[in-house]
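Report on one structure; see the data block that follows.
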Amino acid sequence: MTTEFQPTAIHRTPRADAPLVVFDFDHTLYGGDSFTDALRWMLGRAWWRPLLALLVAPVFAPMIAFLPTRRLGISGFVWVATVGLHRRRDLDELIDRYVLANADAIRANLLPQALAVLHGHREAGDEVIVATGAPPELARAILAFVAHEDVPVIGTQVGPRFGAVVATRHCHHEMKMRMIREAGHVQPVAIAYSDSSADLPLLKAAQRPVVVNPKAGRVAMFRQALPAGTPILNWGVEGRAGDPVPASHEAG
C-alpha cells in the first residue's frame, strides 16, 4: 500500500454556504499519536532529558491513564521536553524542525485513504478544518510540509509555564466543540470524522458522524451512542476496527 498522497487539483475556495466538515487528526488522518512521536524526538535532543523523564515518570505516567488527570500527566513530560523554551513561538519552531527532520517517517504514518477523503471535501468546496488534541502547529506542519494540504487547524493551546512551554487549554472532549465555535465556525457541523470516544460531543453534534479506525472495544459504545447506520470504517490502520473501504472510496 502506498504511503504517499499527492493532491491532483487546486482546492476550491469554500462557498458562503459550505457545509462544515471536521476531521480529528491522530488515528484519523495520522496513523498514531503525532504528539507522542514528536515528544519522543524532543526528549532525545539532550542526554539529560530522558533521564529527567524517568525521574518524573512515577508521578506523571499513572495520571495519563485517567481522563480527569490526563492533561496534567502529559504536561509533566511536555515540561521535560520543552524546559528552556520561553515562548509559544519557540515550540512552534521546534515542531517545524521535527517535521522537516522526520518527513519520511511522518509520511509513512499518514493515511492515504483519509487524506483522499479530506482532499475530496476540499475539492467539493466544503469548509474543512482539523480539530486535534495536539498543538495546532504540529498538525498544521505535517499537513503542509508532508501532505501538501493547507488546512485550518484548531488544537491545544500552549504557553510558557515554569520555565517551559506546556498546554494551557486542551482541545479535548467538550472543549473541542467550544474551541471550534470560538474560532468562528458557528454553523452546524455537517460531517465529523474521528476515532476517539473523547470526540463524542463532536460526533453527536454532527449531522453525519463517521467513526474511523476505532479501538475494537469501543465499537459497541459508538453504535449505542450514535444514530443507527453511523458508518464505522477502517482507513487502513492495522489493529483497529471498522469496515474496510476501497482506497478510492470517500465516506463524505
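The values are calculated or read from the model by the stated rules, or taken from the named source; none is laboratory data. Note that the coordinates shown come from a computational prediction; the quantities given were computed from them, not determined experimentally. Positions of Cβ are generated from backbone atoms using ideal geometry, with glycine treated the same way; all protein chains shown enter the neighbour counts. When the accessible area is computed, the model is the full protein with side chains, heavy atoms only, and any ligands, DNA or RNA have been set aside. Shrake-Rupley method; radii C 1.70, N 1.55, O 1.52, S 1.80 Å.
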With all protein chains present, segment 107-225 has a carbon and sulfur share of its accessible area (1.4 Å probe) in percent of 51 percent
Most fluctuating of ASP26, ASP199, ASP17 in the GNM of the chain (C-alpha, under 10 Å) is ASP17
Going residue by residue through segment 110-116, the Karplus relation 6.51 cos²θ - 1.76 cosθ + 1.60 with θ = phi - 60° gives ³J(HN,Hα) values, rounded to whole Hz and with x marking Gly or Pro, of 6, 9, x, 5, 5, 5, 5
Per the C-alpha gyration tensor (a ≥ b ≥ c, the square roots of its eigenvalues), segment 44-117 is rounded if a/c is under 1.5, else prolate if a/b beats b/c, else oblate; here it's oblate
The chain: longest segment with zero exposed trypsin sites (Lys or Arg not before Pro), where exposed means DSSP loop plus at most 16 other C-beta atoms within 10 Å, is residues 88-214
Contact order relative to length for the chain, counting C-alpha pairs under 8 Å separated by 6 or more residues, stands in percent at 23 percent
Surrounding charge for ARG161, neighbours by C-beta under 14 angstrom, Lys/Arg +1, Asp/Glu -1, total +3
One would report the antiparallel percent of DSSP beta bridges in segment 77-190, rounded to the nearest 5, as 60 percent
If every Lys and Arg gets +1 and every Asp and Glu gets -1 at its Cβ, then about the Cα centre the chain yields a dipole, in debye to the nearest 20, of 800 debye
Extension length gain for ARG70 and ALA103 (0.36 nm per residue less Cα distance), in nm, is 9.0 nm
Length-normalised contact order of segment 9-76, Cα under 8 Å, at least 6 apart, in percent, tallies to 14 percent
Quick tally, 1.4 Å probe accessible area for GLU174, GLU149, sorted with the most first, runs GLU174, GLU149
Residue-normalised value, i.e. accessible area per residue, for the chain at 1.4 Å probe, in Å², stands at 47 Å²
per DSSP, antiparallel bridges as share of beta bridges in the chain, % nearest 5, sits at 25 percent
